[in-house]
Amino acid sequence: MDKHDFLMPSGHYFGSHSAGRPFADTMAQFQQDYFQPWGGDCCDPWGEWLGQIERFRAALAALFNVDASGFCPQSNVSSGLVKVAMALPQLQSGGTVLLSEHDFPSIGFALQQALPNGAAQLRFIPKGADLTDANVWDKHLTADVALVWITHGFSNLGAAAPLAQILPLARQRGILSAIDLAQSAGVLPLDLAALQPDFAFGSSLKWLCGGAGAGYLWASAPMLSQCQPKDVGWFSHQDPFEMNIHQFRYHDQALRFWGGTPTVAPFVFAAHSIERLSAFGIDNIRAHNLSLQQQLWQGLGERVLSPQDPGKRSGTIIINADLTKLKAAGVFADLRPLGVRVSPHIYNDSDDVAALINALG
Ligand SMILES: Cc1ncc(COP(=O)(O)O)c(C=O)c1O
């Protein structure tokens, strides 16, 4: 797999932390799987459309090595988080949520508004703490914490949280865990069966190359049975076609979080790209990503601001660079407070990296 399998803009695209590029056959697939059942010679698209959503859930199940029943389609990470925060008795009765000041701001906004006023509390690991160090998490996972939010890949730091060390700590202390996969799914290999978090949230937009709107939440089986979502609709019902307005029964799968008539199109795009990336292998994508990161380290030396240890890096590398010079050389990257974000995906090659290094002289 390389850049010829994707629709690439001209120049050198390093923006996978923002929007991964679509596969070249995306529109043909969409025509076949979404439009044909609707606009073709068939009167009811729903059988095919719901099948596409099942395909999306199955693709996630294969990607993360868990059963598809734990996944519920969502539009984005925030919507999934609000639904879980409002459904989880441990938070509605006033527990403390531990998160970090480096988490994506939407996470803080969603929790602030979804948790009961005055009862639940947010506690932040402050900026400056080394989030790649399990000891930092160890220190903050105190007895009063009900749930810890762990961002796996921090795109503004170029750093990865050590999930395999943090999650057992949380489990031993009876602390629930939620992981944010928005910046890691598709570039950092992930095995939910081995990691055993309580919840996971993600989107398909970035390294999964699936476009906007195909988010997901995942809940472990014991958590599912405890959650009573408030934001429901007929697709959250165990049998949506029962059609008895007086009797609501939660779906026994994660679909209890689903809601009313679902969107379909984003999941058609995403199912296709997740299947293709999984078939190629996330280990292979990570190996390629690290080899291009290494080339950047060799070419730029101390201009690189993200962790030197490859095991502590996310897919993104942060560099101290003049964005206007990069733009002039046709290199697409973007600027965040700590530096310029550069995200080498499977459609980048060593020529792209050489162009970036040359642009900075
Ligand atoms: C780590 C992380 N989580 C979440 C999001 C986005 O959240 P949402 O899907 O709710 O827009 C981003 C966006 O860049 C992110 O980097």
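The values are calculated or read from the model by the stated rules, or taken from the named source; none is laboratory data. The shown structure was predicted, so the numbers you read here are calculated from the model rather than taken from an experiment. So basically every Cβ, Gly included, is an ideal-geometry build from the backbone, and we count neighbours across all protein chains shown.
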Review point. Do you know which residues across the range 82-116 are more than 23 Å from THR142 (Cβ to Cβ) and not small (Gly, Ala, Ser)?
Key: VAL82, LYS83, MET86, PHE104, PRO105, PHE109, GLN113
Practice item. Go through the range 188-289 and tell me which helices (runs of 4 or more DSSP H), entirely inside it, have 3 or more residues that are modelled with pLDDT of 95 or more, over 30 Å from MET8 (Cα atoms) and in the same structural domain as GLY174 (by TED's automatic domain parsing). Key: 192-195, 221-226
Practice item. Only helices (runs of 4 or more DSSP H) wholly contained in the range 67-120 count here; list those with 2 or more residues that are within 13 Å of the ligand (Cβ to nearest atom). Key: 77-87, 105-114
Exercise for review: Give me the pairs, please: first residue somewhere in the range 322-342 and farther than 17 Å from GLU302 by Cβ and in the same structural domain as LEU296 (by TED's automatic domain parsing), second residue anywhere and of a type in the set (Asp, Glu) and modelled with pLDDT of 95 or more, beta-carbon distance under 8 Å, and either six or more positions apart or on two chains.
Suggested key: LEU323/ASP334; VAL331/ASP352; ARG341/ASP334
Review point. Is one or more of the residues making up the range 193-213 closer than 30 Å to SER18 by Cβ and of a type in the set (Asp, Glu)?
Key: yes
Review point. In contact (Cβ under 8 Å) with a residue 40 or more places away in the chain, assigned by TED's automatic domain parsing to the domain that holds ASP144 and of a type outside the set (Phe, Trp, Tyr): does that describe ALA170?
Key: no
Check your understanding: When both residues are 6+ apart or on different chains and their Cβ atoms are under 8 Å apart, which pairs have a first residue that lies in the range 225-236 and is surrounded by fewer than 16 Cβ atoms within 10 Å (Cβ to Cβ), and a second that is of a type in the set (A, V, I, L, M)?
Key -> GLN226/LEU88; GLN228/ALA87; LYS230/MET86; LYS230/ALA87; ASP231/VAL82; ASP231/MET86
Exercise for review: Report whether or not ILE318 is crowded, with 17+ Cβ neighbours inside 10 Å, part of a loop (DSSP other than H, G, I, E, B) and β-branched (Val, Ile, Thr).
Suggested key: no
Review point. Can you tell me which residues in the range 114-128 are out of contact with any Asp or Glu (no Cβ under 6 Å at 6 or more places or on another chain), surrounded by fewer than 17 Cβ atoms within 10 Å (Cβ to Cβ) and closer than 25 Å to GLY153 by Cβ?
Key: LEU122, ARG123, GLY128
Review point. ALA129: in a loop (DSSP other than H, G, I, E, B) and either within 16 Å of the ligand (Cβ to nearest atom) or over 18 Å from LEU176 (Cβ atoms) (or both), yes or no?
Key: yes
